[in-house]
Structures are given as C-alpha cells and as structure tokens.
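Encoded as structure tokens, the structure appears first; notes follow it.
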Amino acid sequence: MAAAPPLLLFDGIDLPGLRTLEVYRERGGYESLRKALSQEPQEVLASLEASGLRGRGGAGFAMGKKISFLPKGAIERYLVCNADESEPGTFKDRELLEKNPHMLIEGIVIASYAAGASRSFIYIRGEYVEPARALEQAIAEAREAGYIGERILGSGHSLSLVLHRGAGAYICGEETALLDSLEGKRGNPRLKPPFPANQGLYQGPTLINNVETLATVPTIVRLGGERYAEIGVQNSTGTKLVSVSGHVQRPGNYEIELGIPSRELIYDLAGGPPEGRVVKCWFPGGSSAPVLTGDDLDLPYDFDSMARAGSMLGSGAVIVVDDSTPILDVALKVAKFYRHESCGKCTPCREGTNWTVKMLERIETGEATPMDLEIMASVQEHIIGNCLCVLGDAMAMPIGSMIAKFRDEFEAHIERAREARGGV
C-alpha cells in the first residue's frame with residue numbers, strides 16, 4: 001500500500017470538541033482568514049487559481065476561474081454554499097459539517113473576500129438535522145468573535161451569513177434550482193444562459209460552491225496555491241474526500257490524494273468486497289456516474305482518468321457492487337430514484353425517466369425482447385444533453401453504461417424471464 005496522503009480536511013476530524021470555536025482556534029483556525037485579509041482580494045484569488053482546485057461537488061469546474069467570471073464593478077455579489085448533499089452514496093460533506101463546521105465558515109469568508117461578495121448563504125439539505133445544529137452554533141460563535149459581520153477583524157471586508165434549510169428535494173442540488181428554492185420559489189432549474197455568475201441569486205452575480213470546495217480554501221491560503229498544487233496529479237490537484245459504500249468491508253469517508261489507483265481506494269482502504277466475492281461494477285462518482293467494471297480498478301482516481309474511461313469522478317461517491325447482485329436490480333433502483341426526483345419541468349427527463357423504468361420492469365417480468373435493449377440504449381442517448389438540467393443525464397448515463405457493459409446479462413435475464421412466462 002502506498003504512503004498515506006497528507007490529511008488536509010480530515011486531519012483531527014474526530015478530535016473531541018473540534019466543532020467548537022475554542023478547539024478550532026487551538027488548531028490554528030481562522031489564521032488563514034487573518035492571512036487572507038492582510039492581502040489584496042486579487043492576491044487571494046491568484047492563490048486559488050494557482051492551486052488548481054476543482055469543484056468537489058460534481059462538475060469539477062476550477063474554483064478560481066469561477067470567481068473570475070463574476071462581473072467587475074460596484075455591484076452587490078452573493079456567495080452560496082451548496083450543502084444539499086443528496087447524490088446517492090455521498091456523505092462526506094455531512095461529516096465535515098457535523099465535526100468541523102468552522103472550517104467551512106472560514107472558507108466561506110475567505111472566498112467571499114476574493115469574490116467581493118458581502119452576502120452569503122448556506123443551503124443545507126433538509127434531512128441534515130444534526131449538521132444544521134452544528135452550523136447554527138458555529139455561525140453564532142463566529143459572529144460573536146468577529147469573523148462574520150461588519151469590518152471583519154478590522155479589515156474593510158463585511159459579510160452576512162444565513163443558514164437556509166431545504167425541504168429534501170434532490171433537484172435542489174442543481175445550482176439554479178437551489179437558487180429558486182433559496183428565493184422562496186419551487187426548486188426548478190432555470191434556463192441557461194444567463195449563468196449564476198452573471199445573474200444568480202436575486203438576479204445578482206453569484207458564486208456557488210460545494211461544502212468540500214469551500215472548506216479546502218483555508219488550507220490553500222495556509223500552504224499557498226503553488227504548494228497545494230504539488231499534491232495530487234496534473235489537472236487534479238490536492239486531496240479529495242471519497243465516500244465509499246456498497247459491497248465493501250470498511251465503508252466510510254476517506255481522504256485520498258487524487259491520482260491514487262482506484263484499486264487502492266476500494267481494496268486497501270475500504271477492504272474490498274466480502275470474502276469470496278469480486279467487484280462486478282462500481283460508480284466512481286455517485287449514482288449519476290456511468291459504471292465501470294472490475295477491469296477498470298487499476299485506473300488512477302482523478303478527474304481526467306475517470307473521464308477518459310467514460311465515467312466521471314463527480315461528487316467522489318464510490319458505490320461498489322459485487323457479483324452477487326443482478327445488474328437489472330441496480331439499473332431499476334437507479335432509474336426509479338431519478339424518476340421520483342425529476343421535477344417534471346422538461347419533457348426528455350419527465351418522460352424519459354418514467355419510460356426507462358417501465359422498460360426495465362418489462363425486462364424483469366419477461367415481456368421484453370433483446371430489441372428492446374437497443375431501443376432503450378438509443379433513448380438514453382437522446383436524453384443526454386437535451387434536458388434543462390443534468391438530472392435526466394444523471395439517469396441516462398449510468399443506465400446506458402450498464403446496457404453497454406452488461407448486455408449479455410440483460411439478454412440472459414430476458415430469456416429466462418420469457419421462459420418462465422411460457423415463452424410468451
């Protein structure tokens with residue numbers, strides 16, 4: 001097993017009392033904020049750009065570049081933290097919020113300074129009761145200590161921070177649906193353009209980042225952008241929190257250096273599948289990522305390697321499926337989830353998710369033919385890229401990959417099920 005990666009986010013994560021301001025400051029908390037406020041905003045932004053930090057919520061877009069897209073001039077800007085962690089298999093942000101909320105708050109204040117934002121919001125998943133409590137306490141402590149509010153630490157930077165609880169809708173993880181929900185509307189995705197950087201919350205320029213992305217900012221300021229960029233691999237710098245679940249012996253959150261072999265993550269860290277079983281397929285980035293197989297375990301776990309393999313790193317949620325599970329069961333669970341969570345606003349997603357579930361149920365009951373697999377694969381291709389947001393794609397990509405990689409198993413099930421029905 002390779003040497004352990006440098007722990008940047010999970011260092012001391014289980015330390016008693018870490019969620020309190022007192023213990024967080026004992027470990028150097030808010031020193032990065034002091035350092036950032038002693039610099040010009042452009043210097044902080046330059047450090048973020050030099051770090052190569054890519055968004056940890058799913059899209060993998062460079063954070064520094066995202067900030068640079070905000071229009072210049074005397075206009076009010078907003079910063080929104082997306083804490084609506086609803087992607088199946090993802091639970092890394094939850095642990096950060098429960099155990100070290102001040103790291104996120106410090107990252108938000110630094111990022112708002114670099115972006116010139118004076119108002120910020122944390123949109124948290126409605127089911128996250130305990131993380132919300134931890135955040136409420138931390139925000140109150142930070143405000144009382146002068147880390148949030150007017151003229152922070154005697155600087156010219158002021159920032160308000162509001163915690164907003166969602167109502168449990170997966171679609172609100174999509175950034176524009178999140179903005180609508182934050183404004184008090186139904187959480188539906190918006191047409192783009194305009195993009196949030198130009199016209200986001202309350203029609204103002206808005207920076208939206210994931211919890212892990214913003215929580216990484218204090219480390220980047222502390223180390224310096226160039227030093228942070230030395231961790232990981234080219235175009236996938238730093239460490240990544242990975243949630244490993246499914247058929248593994250040690251499920252949990254792991255902080256890894258980007259670029260390690262996927263086998264090391266699944267077998268060495270998470271213990272691999274139960275005795276006597278082998279990896280059948282695995283989702284590298286949550287249920288919306290196209291599946292890979294056991295033949296792909298030696299691929300480096302980074303953004304570009306996953307993309308070249310036809311999948312994506314996504315939110316960093318690795319879901320492992322062993323050879324005891326029929327691929328049809330996996331496909332049905334994925335399709336039913338996205339059918340349930342579709343907002344229904346656009347036709348390809350609304351009709352495509354429902355139709356896919358019905359076709360998979362036809363396969364399950366023996367009513368389908370091998371030709372139906374061809375039709376279903378074609379429909380997934382027509383869904384991808386034709387929806388208002390990526391929810392339709394989030395179903396079509398994994399379903400399409402399962403049909404492509406496990407067609408023989410689907411066809412064998414169709415044959416068995418048809419025989420059980422008397423060949424009808």
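Within segment 241-269, the residues that satisfy the criterion of being part of a loop (DSSP other than H, G, I, E, B) and in contact (Cβ under 8 Å) with a residue 60 or more places away in the chain are His247, Val248, Ile260. Only a single item in (1) touching a helix residue (DSSP H, G or I) at 6+ places or on another chain (Cβ under 6 Å); (2) not in a helix (DSSP H, G or I) is not met by Pro71, and it is number (1). Exactly one residue out of Gly238, Gly200 is in contact with a strand residue (DSSP E or B) (Cβ under 8 Å, 6 or more places away or on another chain) and in the same structural domain as Phe283 (by TED's automatic domain parsing), and it is Gly238. Does Lys92 satisfy being of a type in the set (Lys, Arg), under 30 Å from Asp304 (Cα atoms) and free of Cβ contacts under 8 Å to residues at least 24 places away in the same chain? Against the criterion (of a type in the set (Lys, Arg), under 30 Å from Asp304 (Cα atoms) and free of Cβ contacts under 8 Å to residues at least 24 places away in the same chain), Lys92 does not qualify.
Segment 1-66 holds helices (runs of 4 or more DSSP H) entirely within its bounds, and those carrying 1 or more residues that are of a type in the set (Lys, Arg) map to 21-26, 31-37.
Within segment 309-328, restricting attention to residues that are among the small types (Gly, Ala, Ser) and more than 14 Å from the chain's Cα centre (by Cα), the residue that is surrounded by the most Cβ atoms within 10 Å (Cβ to Cβ) is Ser311. With respect to the conditions (1) touching a residue at least 12 places away in the same chain (Cβ under 8 Å); (2) farther than 18 Å from Leu15 by Cβ; (3) open to solvent by 10 Å² or more (accessible area, probe 1.4 Å); (4) in a helix (DSSP H, G or I), Ala111 falls short on a single one, namely (3). Applying the set (1) touching a Leu at 6+ places or on another chain (Cβ under 8 Å); (2) closer than 29 Å to Asp302 by Cα to Glu183 leaves exactly one unmet item: (2).
The residues of segment 339-389 that are touching a residue at least 12 places away in the same chain (Cβ under 8 Å) and more than 22 Å from Asp329 (Cβ to Cβ), listed by number, are Cys343, Lys345, Cys346, Pro348, Cys349, Glu381, His382, Ile384, Asn386, Cys387, Leu388, Cys389. Filtered by the rule that a residue be surrounded by fewer than 17 Cβ atoms within 10 Å (Cβ to Cβ) and either touching a Ser or Thr at 6+ places or on another chain (Cβ under 8 Å) or among the aliphatic types (A, V, I, L, M) (or both), segment 291-308 gives Asp298, Asp304, Ala307. Kindly evaluate Arg407 against the criterion of being open to solvent by 30 Å² or more (accessible area, probe 1.4 Å), closer than 17 Å to Asp329 by Cβ, modelled with pLDDT of 95 or more and not polar (S, T, N, Q). Against the criterion (open to solvent by 30 Å² or more (accessible area, probe 1.4 Å), closer than 17 Å to Asp329 by Cβ, modelled with pLDDT of 95 or more and not polar (S, T, N, Q)), Arg407 qualifies.
The values are calculated or read from the model by the stated rules, or taken from the named source; none is laboratory data. Keep in mind the model is a prediction, meaning the values are calculated, not measured. Glycine also receives a Cβ, built like all others from the backbone with ideal geometry; neighbour counts cover every protein chain displayed. Only protein heavy atoms, including side chains, enter the accessible area calculation; ligands, DNA and RNA are left aside. Shrake-Rupley method; radii C 1.70, N 1.55, O 1.52, S 1.80 Å.
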